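Notes to accompany the following structure.
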Amino acid sequence: MEFINPKTDFAFKKIFGSNQSKKILISFLNALIYDSQSIIQDLEIIDPYNAGNSVDLKDTYLDVEAILNDKTIVIIKMQVLNVAAFEKRVVYNLSKTYTNQLKIGEGYLKLNPVIALTITDFIIIEESQDVIHKFVFKEEEKNFQYKDWELKMIFV
């Protein structure tokens with residue numbers, strides 16, 4: 001029996017980004033984000049195309065985007081090729097997703113946390129042999145976390 005390569009855009013989106021695979025996505029996210037705890041009970045898969053609220057912003061295409069039951073937004077990108085400035089693209093997509101939550105006149109309390117989950121077919125973090133790396137804002141010298149995290153990047 002031959003299977004389709006899950007690293008292709010079509011297969012990845014079919015496996016993790018369709019309503020038929022919602023349970024698979026929940027299990028996958030619980031494993032990677034919450035160390036296999038059953039934190040996520042439900043989520044909504046939304047259109048991963050992110051045009052931006054300004055005509056000047058660059059369009060972005062994610063593989064999967066979901067809103068968790070606690071309103072946290074998770075954007076997922078599978079990247080096979082190590083293209084120039086890929087690390088900057090991850091930060092851009094995370095920041096854009098965070099800022100696009102607000103419309104003119106809305107208060108900052110409406111902002112929900114955003115997690116950028118990036119799966120690569122190449123080594124992106126050279127400093128460690130670990131498979132999973134999680135990044136949040138931390139104080140530079142004392143290494144304590146800045147308030148509750150609002151932005152998080154996870155690389156697999």
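The values are calculated or read from the model by the stated rules, or taken from the named source; none is laboratory data. Remember, predicted model here, so these are calculated numbers, not experimental data. Ideal geometry is used to build each Cβ from the backbone, glycine not excepted, and the neighbour counts take in all protein chains shown.
Worth pointing out:
- Selection from segment 1-26 of residues that are assigned to a helix (DSSP H, G or I) and surrounded by 14 or more Cβ atoms within 10 Å (Cβ to Cβ): Ala11, Phe12, Lys13, Lys14, Ile15, Phe16, Ser21, Lys22, Leu25, Ile26
- Residues considered: Ile45, Ile123, Ile104, Ile119. Of these, the only one that is modelled with pLDDT of 90 or more and surrounded by 14 or more Cβ atoms within 10 Å (Cβ to Cβ) is Ile119.
- Summed over segment 126-153, residues that are surrounded by fewer than 11 Cβ atoms within 10 Å (Cβ to Cβ) and either assigned to a loop (DSSP other than H, G, I, E, B) or charged (D, E, K, R) (or both) total 14.
- Gln37 being exposed (fewer than 13 other Cβ atoms within 10 Å of the Cβ), part of a helix (DSSP H, G or I) and at pLDDT below 90: no
- Neighbours by Cβ (under 9 Å, 6+ apart or cross-chain): first from segment 129-153, farther than 22 Å from Thr72 by Cα; second among the β-branched types (Val, Ile, Thr): Val131/Val156
- Filtered residue count, segment 113-125, keeping only those that are closer than 19 Å to Asp70 by Cβ and either outside any loop (DSSP other than H, G, I, E, B) or in contact with a strand residue (DSSP E or B) (Cβ under 6 Å, 6 or more places away or on another chain) (or both): 4
- Residue that is nearest to His133 (Cα to Cα) [pool: residues in segment 69-85 that are under 14 Å from the mean Cα position of the chain (by Cα) and not in a strand (DSSP E or B)]: Thr72
- Candidate set: segment 48-76, residues that are modelled with pLDDT under 90, surrounded by 11 or more Cβ atoms within 10 Å (Cβ to Cβ) and among the small types (Gly, Ala, Ser); chosen: the one nearest to Ser21 (Cα to Cα): Ala51
- Residue match in segment 87-98 (condition: more than 14 Å from the chain's Cα centre (by Cα) and surrounded by 10 or more Cβ atoms within 10 Å (Cβ to Cβ)): no
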